[in-house]
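Undergrad: Okay, here's the structure, questions in a sec.
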Amino acid sequence: MMYNEGRRLPKTVLKNEYGFDIGILEQTLENGYGKIDLYGSKYYYQFSLQEFCTMYLYNVTDEQPLMTVIFETPIVEFYSSVQQQELANHLLYCVLLSICWYLQLPETAHVLNTSKNIPALLSI
């Protein structure tokens, strides 16, 4: 579940099925990065809205991305109306939450440590 909080510094609070806070999603930080804090693990993300929507996921900003996600739906169709824009944002943040949840698992950390120089690519 996602809840928006704050007016001056908006953030999205992520909750589990029992209503407990599991993380915070900050949509805009400096340099165009957003931040997600999930179960104590921090990740930074950045969207590129070119022909296709591309999401880059980082452990530390200004380094090689940990993972790149390419959405194969053209962005013009993705954001064709204001109502669909809100739905599209929820979709992007749900995908981001899912990937970060997967990345914070101990089994995934082992796989990522063995292939540090090769960023993962996911096409949706």
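The values are calculated or read from the model by the stated rules, or taken from the named source; none is laboratory data. The structure presented is a predicted model; accordingly, all values stated were derived computationally and were not measured. Every residue, glycine among them, receives a Cβ derived from its backbone with ideal geometry; neighbour counts consider all protein chains shown.
Undergrad: Name the residues in the stretch 1-30 that are closer than 16 Å to Trp101 by Cα and of a type in the set (Phe, Trp, Tyr), would you?
TA: Phe20
Undergrad: Is it fair to say Glu107 is modelled with pLDDT under 80, closer than 24 Å to Thr12 by Cβ, charged (D, E, K, R) and not in a loop (DSSP other than H, G, I, E, B)?
TA: Answer is no for this residue.
Undergrad: Among the candidates Tyr39, Tyr45, Tyr33, which residue alone is among the aromatic types (Phe, Trp, Tyr), closer than 15 Å to Leu97 by Cα, in contact with a strand residue (DSSP E or B) (Cβ under 7 Å, 6 or more places away or on another chain) and surrounded by 16 or more Cβ atoms within 10 Å (Cβ to Cβ)?
TA: From the options Tyr39, Tyr45, Tyr33, the qualifying one is Tyr45.
Undergrad: Would you be able to tell me the number of residues in the stretch 18-69 that are at pLDDT 90 or above and either farther than 18 Å from Gln104 by Cα or in a loop (DSSP other than H, G, I, E, B) (or both)?
TA: Qualifying residue count, the stretch 18-69: 2.
Undergrad: Here's something else I'd like to know. Taking into account only those residues within the stretch 6-17 that are in contact with a strand residue (DSSP E or B) (Cβ under 9 Å, 6 or more places away or on another chain) and either surrounded by 13 or more Cβ atoms within 10 Å (Cβ to Cβ) or modelled with pLDDT under 80 (or both), which is farthest from Leu105 (Cα to Cα)?
TA: Leu9
Undergrad: Cβ-Cβ below 7 Å, separation at least six or inter-chain, first residue in the stretch 40-68 and more than 18 Å from Cys94 (Cβ to Cβ), second of a type in the set (A, V, I, L, M, F, W, C) and assigned to a loop (DSSP other than H, G, I, E, B): which pairs?
TA: Close Cβ pairs satisfying both conditions: Tyr58/Leu66; Asn59/Leu66.
Undergrad: Okay, moving on. I'm trying to understand the selection: among the residues of the stretch 18-37, which are in contact (Cβ under 8 Å) with a residue 12 or more places away in the chain and not aliphatic (A, V, I, L, M)?
TA: Gly19, Gly23, Glu26, Gln27, Asn31, Gly32, Tyr33, Gly34, Asp37
Undergrad: Scan the stretch 3-26 for residues that are more than 21 Å from Leu92 (Cβ to Cβ) and hydrophobic (A, V, I, L, M, F, W, C) and report the count.
TA: Going through the stretch 3-26 one residue at a time, the tally reaches 1.
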